[in-house]
Amino acid sequence: MSAPATHATLADAVLASLDPEQRAVASALRGPVCVLAGAGTGKTRAITHRIAHGVHAGVYDPRSVLALTFTSRAAGEMRSRLRDLGVPAVQARTFHAAALRQLQYFWPTAVGGPLPVLVEHKARLVAEAASRLRLSVDRTAVRDLSAEVEWAKVALLTPEAYPAAVARAGRTPPAGLDPGAMSRVMQSYEDVKTDRGAMDFEDVLLLTCGILAERGDVAESVRRQYRHFTVDEYQDVSPLQQRLLDLWLGGRDDVCVVGDASQTIYSFAGATPAHLLEFPRRHPGASVIRLVRDYRSTPQVVALANRLLDRAPAAAVRARVELVAQRPPGPDPTFTEYDDDVAEAAGVAAAVRRRIDAGTPPAEVAVLFRTNGQSEPLEAALTDAGVGYQLRGGEKFFFRAEVRQAVLLLRGAARSDDGSRPLGEAVRDVLASAGWTAEPPTAAGAARERWASLQALAALADDVAAARPGARVADLVTEVDERSAAQHAPTVQGVTLASFHAAKGLEWDAVWLVGVSEGLLPISFSADDPEKVEEERRLLYVGITRAREHLAVSWGRARTPGGRASRTPSRFLDGLRPVDPAERERRRGGSGGGGGGGRSRKGPGLARTCRSCGLALNTPAERKVGRCESCPPTYDEAVFDALRTWRSATAAEAKVPAYVVFTDATLVAIAETTPSDTGSLARIPGVGPAKLERYGEAVLGVLAGATGA
């Protein structure tokens, strides 16, 4: 019989499985510590092992550790890992969850009276705030106003400070409002919340900051409780979250932060990598450790990701972590051009079908895109190909009817489970009564999605059994309850459809990146802003680094079959992909085209060039419209002039710059395609739902008058 493990042997065991850089992180038990961790380098592994090592070595009391991250799913994953490492008492929470817990506890004594009711969505209150100001706003405008209110609050801006701040930042308020009007909307929104006794998610952080700053006794109580802090995804910290972290620390420096500046993709929500990059300056003597060994992706995928960032401005290159691949070689990434979006969706669905038939599980396949509006043709094409899928960001897993029913059955089975059968077998017997079968339905659709949900619970039972030998049904129910509270869903068997933003933090064996063209990536409204363009580059970097082995990049030259093939590949692909003779000829004025198929290529490519003559585009104006100023336009100039005249008048009436209505690039695209209905107009990059509703009919009227249609 072996001797029981001591704290010392447990501490040593925690370090044994780490690489040298990860071990350096796990061994740096006293802060300040800054971990610069590239994609796929095992950052979560490093920081959870650091916490476990500190507890087992007797340096940390597990109840005094607070691990912070940004999503409930990530917090749930961290708790699972910490439990498996033998330190279940450590708290792992989102900033909002940790703050809300403290706010609920201290509010009665620090403030008194009932705590304001937390509202999950601002839209209704923002709409009322606008109505009080007699502003006419549609649903899209309400959404944009809500996002602007959120940005201002996480940036610690009051309504009074907002106008000067947006002027300094060169930021344009949404919905055609000037900064003063937006400031009044913000104040009206605060008044509505006060009248309703409500608070939003930003208020949770703001109110907690206020109590900690004003009540020394409360701050001291919190600081006695939490002495050691770990912050994951630190590049996504907003000024408001940094303020709260500083108040929790109270001048102490026992904090470990980990992040990757190259994965900062939420600046629109107030995130900034400045806190990560400036951490060593703010904390002199901090340990700075770089995790560079990429265990996720093949050398081919890693090389593409590195080359993408090599082309960023010098400051961004200096801030990045250059990845070093650790996996065996795999296939080269592919680059495929299709005639239009429908052909692209069909081609991708067929390729996904072949990959699954070759043995890759559907849950290990993802198709990623820039905007959610791109999913519809992909959903149709996958259905036609008989491929089941899940749309990430759709109905939450634990809210699905079949999952709720299955969990009820598992609760009943837990009472009679005596542990005589393996957990997986016992759970599958229960799930069978809810409709689960050993083999999936042959057809796609609702039946397949229902089966995939139940299969995810069966697979979760296998995971629990592997991590905790002897586990019973009751242990699975406990795991499900914890995951449900954190919205940490298990893996569902089906191809994942997701935006680049929603894919962050996830990974798959095979990944397709679709719609990688100018106007979509970078998105049209970011194309003229260098900082926004670089965030779009980072978004593509996130997409590339989601792939473990198979990576395919594609784009369509037109939106619809038979439409004008005016799209060009994303500027980010310049130098990363090959350019075949047909494309080169098309750029020099050849006919181009094709019969609806795709053309696949590998290898290095060319600098961005004029689509008419093939010469390099040397000015921002040229790059904006995709052609040299000396080349003839690819549209009817009378139509373009009519659109520009309309835009000038519209902008003057709204008292906004002309580009706020539509950029030149969008006007060129409209003039080239001359859409005849709102559906066709909506498919043009730069014409989002808000602008379609605001300007759609007017634009179609201008086109009808200019073309004589």
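Note that region 661-709 carries a Kirkwood radius of 10.6 Å, evaluated over its alpha carbons pair by pair. Backbone amide hydrogens, once placed in the peptide plane, bring Q91 within less than 5 Å of V65, A67, excluding anything fewer than 5 places away on its chain. In a simple Cβ point-charge model (Lys, Arg +1; Asp, Glu -1; nothing else charged), the chain has a dipole of about 840 debye relative to its Cα centre.
Sequence-distant contacts, meaning Cα pairs under 8 Å at least 6 residues apart, place the relative contact order of region 74-193 at 23 percent. Each residue was assigned an accessible area with a 1.4 Å probe, and for D417 the value is about 30 Å².
In nm, what is the difference between 0.36 nm times the number of residues separating F399 and A13 and their Cα-Cα distance?
135.1 nm
For region 219-330, what is the Kirkwood hydrodynamic radius in Å, using each pair of distinct C-alpha atoms?
Kirkwood radius, region 219-330: 15.9 Å.
Scattering from the C-alpha atoms of region 237-281 alone, worked out with Debye: what is log10 I(q)/I(0) at q = 0.17, 0.21, 0.25 1/Å? Reported log10 I(q)/I(0), two decimals: -0.50, -0.75, -1.00. By accessible area, using a 1.4 Å probe on protein heavy atoms only, the chain has 53% of its surface on carbon and sulfur. Computed over the alpha carbons of the chain, Rg followed by Dmax gives 27.1, 92 Å.
Once the Kirkwood radius over Cα pairs is known for region 178-226, the Stokes-Einstein relation at 20 °C and 1.002 mPa s delivers a diffusion coefficient of 167 µm²/s. Subtracting the Cα-Cα distance of A698 and K532 from 0.36 nm times their residue separation leaves 56.9 nm of extension gain. Over the chain, dividing the summed -39,500 (n - 2.57) contributions of all DSSP H runs of at least 4 residues by the number of residues returns a 222 nm mean residue ellipticity of -15000 deg cm²/dmol.
Exceedance of the 20 Å cut-off in Cα-Cα distance is limited, within the set K153/K193; K122/K532; K193/K655; K43/K504; K43/K153; K532/K655, to K122/K532; K193/K655; K43/K153; K532/K655.
Along the charge dipole of region 34-174, pointing to its positive end and built from +1/-1 on Cβ of Lys, Arg, Asp and Glu, which listed residue (A123, P62, T109) has its Cα farthest out? Among A123, P62, T109, the one farthest towards the positive end of the dipole of region 34-174 is P62.
Accessible surface area normalised per residue over the chain is 43 Å², counting heavy atoms of protein chains with a 1.4 Å rolling probe.
Once the Cα atoms are used to define both axes, helix 239-249 deviates from the longest principal axis of the chain by about 10 degrees.
Run the numbers on the chain and let me know its relative contact order in percent, using alpha-carbon pairs under 8 Å that are six or more apart.
Computed value for the chain: 14 percent relative contact order.
Between the amide H of R548 and those of W508, D509, A510, distances stay under 5 Å, these residues lying 5 or more places away or on another chain, with hydrogens modeled in the peptide plane.
Where does each of K153, K655, K532 land when they are ordered by accessible area, with a 1.4 Å probe and the largest first?
On the way: K153 15, K655 180, K532 100 Å².
Order by accessible area, largest first: K655, K532, K153.
Here the chain carries DSSP beta bridges of which approximately 15% are antiparallel, counting only pairs with both residues inside. Couplings 3J(HN,Hα) of region 118-129, computed from phi: 7, 9, 7, 10, 7, 3, 5, 5, 5, 4, 5, 4 Hz, in residue order, whole Hz [Karplus 6.51 cos²θ - 1.76 cosθ + 1.60, θ = phi - 60°; x for Gly and Pro].
Once the convex hull of all Cα atoms in region 161-273 is built, its volume per residue stands at 141 Å³. Can you check what the Kirkwood hydrodynamic radius comes to for region 130-210, Cα pairs only, in Å to one decimal? Computed over Cα pairs of region 130-210, the Kirkwood hydrodynamic radius comes out at 13.1 Å. The Stokes-Einstein estimate for region 1-144, based on a Kirkwood radius over Cα pairs and taken at 20 °C with 1.002 mPa s viscosity, is a diffusion coefficient of 115 µm²/s.
Considering only GluC sites (Glu not before Pro) in DSSP loops that have at most 13 other Cβ atoms within 10 Å, the longest stretch of the chain without any of them is 396-628.
Here region 315-382 is treated with +1 on each Lys and Arg Cβ and -1 on each Asp and Glu Cβ, and its dipole about the Cα centre works out to around 480 debye. Annotation for region 95-109 versus region 167-227: alpha-carbon center distance of 15 Å.
Taking region 318-419 as the region of interest, what is the percent of Cα-Cα pairs per 5 angstrom bin, listed from the shortest bin to the one with the maximum distance? P(r) over region 318-419, rounded to whole percents: 2, 9, 13, 15, 14, 12, 12, 9, 7, 4, 2, 1, 0.
Taken over the Cα atoms of region 64-120, the convex hull encloses 87 Å³ per residue.
Where in region 508-526 does the label zone of E379 land, with the point 7 angstrom along Cα→C-beta and an amide N cut-off under 20 Å? Once the point is set 7 Å along Cα→Cβ of E379, 512-515 turn out to lie under 20 Å by backbone N, inside region 508-526.
Residues S64, S17, ordered by accessible area of protein heavy atoms at a 1.4 angstrom probe radius and largest first, appear as S17, S64. Using the Karplus relation 6.51 cos²θ - 1.76 cosθ + 1.60 with θ = phi - 60°, the per-residue 3J(HN,Hα) values for region 656-670 come to 10, x, 4, 5, 5, 6, 8, 6, 4, 4, 5, 4, 4, 4, 5 Hz, with x marking Gly and Pro. As I understand it, the value is the acute angle between the Cα axis of helix 95-110 and the longest principal axis of the Cα atoms of the chain; what does it come to in degrees, rounded to 10? The answer is roughly 60 degrees.
To the nearest 10 degrees, how steep is helix 299-310 against the longest Cα principal axis of the chain, on a 0 to 90 scale? That helix lies at roughly 60 degrees to the long axis. Rounded to the nearest whole Hz, the Karplus-based 3J(HN,Hα) values (6.51 cos²θ - 1.76 cosθ + 1.60, θ = phi - 60°) of region 537-552 follow the sequence 4, 5, 5, 5, 4, 4, x, 4, 7, 7, 8, 7, 10, 9, 9, 10, with x at glycine and proline. When the Cα positions of A658, P530, A345 are compared along the charge dipole of the chain, P530 comes out farthest toward the positive end, with charges on each C-beta of Lys, Arg, Asp and Glu.
The values are calculated or read from the model by the stated rules, or taken from the named source; none is laboratory data. Given the structure is predicted, the values throughout are model-derived calculations rather than measurements. Glycine also receives a Cβ, built like all others from the backbone with ideal geometry; neighbour counts cover every protein chain displayed. For the accessible areas, the whole protein counts, side chains as well, though only heavy atoms, and no ligand, DNA or RNA atoms are used. Shrake-Rupley method; radii C 1.70, N 1.55, O 1.52, S 1.80 Å.
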